[in-house]
Amino acid sequence: MPEGHTIHALADRLERAFRSHRIEAMSPQGRFAADAEHLDGQVLERAQAWGKHLFVEIGAVTLHVHLGLIGQFAVKPLGGMPLPSPVGAVRLRLVGPEHWADLRGPMICTLVDRARQREIISTLGPDPLRRAQRTEAAMARITKSRKGIGELLMDQSVVAGVGNVYRCEVLHRIAVDPFTPGRELDPTTWQQIWQDLVLLMPLGRTFSQIITMPDQVAAASRARRSGRSREITRRLTGERLGDTFERRFLVYKRTGEACPRCGAPVRDTQVSGRTLYWCPACQVRH
Ligand SMILES: [Zn+2]
């Protein structure tokens, strides 16, 4: 499932392509035809992400999209070429002066008013990719829970935007046992987890790729600070994960391989229907 960095990158891409432009909207597949008519000919004012939710303000309404497991919203330049015919089940197509975008297979695609938009956002925890987030409410929810921190991090009402990969990787980076009950988690440890998400997720947004290996985090951070990453970001369409960096992880999908910190074999188990990867030797309760 796309994690929050993918949705923020998508919002950025939609803004670069369509912001302040009048757009054409249509539903080649037909399932969104009546709603697309409301959007057609309106100006796209703003696109923003909250966790895994995308809100695109078009005219007086907001397009609310959640990609779910298989959804994809590719934004591409027209490049002076005629608009290509839709391929497959395109729920919504947006066309601007220089770009077009096709939305396929979303879990949610609906029009909402601003009040409903606020209501949806109010159910979400702080988002490490948004500025000025208050993390106290998240900590309050964590300290009331008997659930493990590994499970709590996936709860969008605790933290918005974290999915399975960031969950596994961050807990390994901070060396926390994912089964530490929320109410036993040290507030300092929570702050470390949050700060690590605030460090890592913007790199994911920039490169459309989850980057957690220390050497890659250092290289990606340097590229971002120097502005060298801007051209890479501009080229990404959202159709596939970026591959600027070799796909390597600390524990994610590394069952049985050696933990990069202590050498013990990485383990996996099912938690709430998702596979959790961790090192039982060096990830401890604290
Ligand atoms: Zn280890």
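FYI, it's all coordinate maths here, none of it is from the lab. Fair warning: this is a prediction, and the values are worked out from it, not measured in the lab. No Cβ is skipped: glycine too gets one built from the backbone with ideal geometry, and neighbour counts run over all protein chains shown.
Some values worked out for this structure:
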| quantity | calculated |
| --- | --- |
| Cα shape, the range 4-122, gyration tensor, a/c 1.5 rule | rounded |
| Fully extended contour minus Cα-Cα distance, from ARG248 to HIS21, at 0.36 nm per residue | 77.8 nm |
| The range 162-247: trypsin sites (Lys or Arg not before Pro) falling in loop per DSSP and having at most 16 other Cβ within 10 Å | ARG228, ARG240, ARG247 |
| Degrees separating the helix 4-18 axis from the principal Cα axis of the chain, which is the longest one | 20 |
| Compactness index (Cα Rg / 2.2 N^0.38 Å), the chain | 1.05 |
| Pairwise FRET efficiency - MET1 versus ASP215, Cβ, R0 = 22 Å, nearest 0.05 | 0.25 |
| Helix-derived mean residue ellipticity, 222 nm - over the chain, DSSP H n ≥ 4, -39500 (n - 2.57), to 500 | -9500 deg cm²/dmol |
| Distance from the range 238-286 to the range 25-95 (C-alpha centre basis), Å | 34 |
| In nm, spacing of pseudo-spin labels at ASP40 and SER122 (7 Å Cα→C-beta vector) | 3.5 |
| Simple Cβ-charge dipole of the chain, Lys/Arg +1 and Asp/Glu -1, about Cα centre, in debye nearest 20 | 440 |
| Difference of contour (0.36 nm per residue) and Cα-Cα distance, ALA132 to VAL284 | 51.7 nm |
| Sequence-separation-based contact order of the chain, relative, with Cα cut under 8 Å and 6+ spacing, percent | 17 |
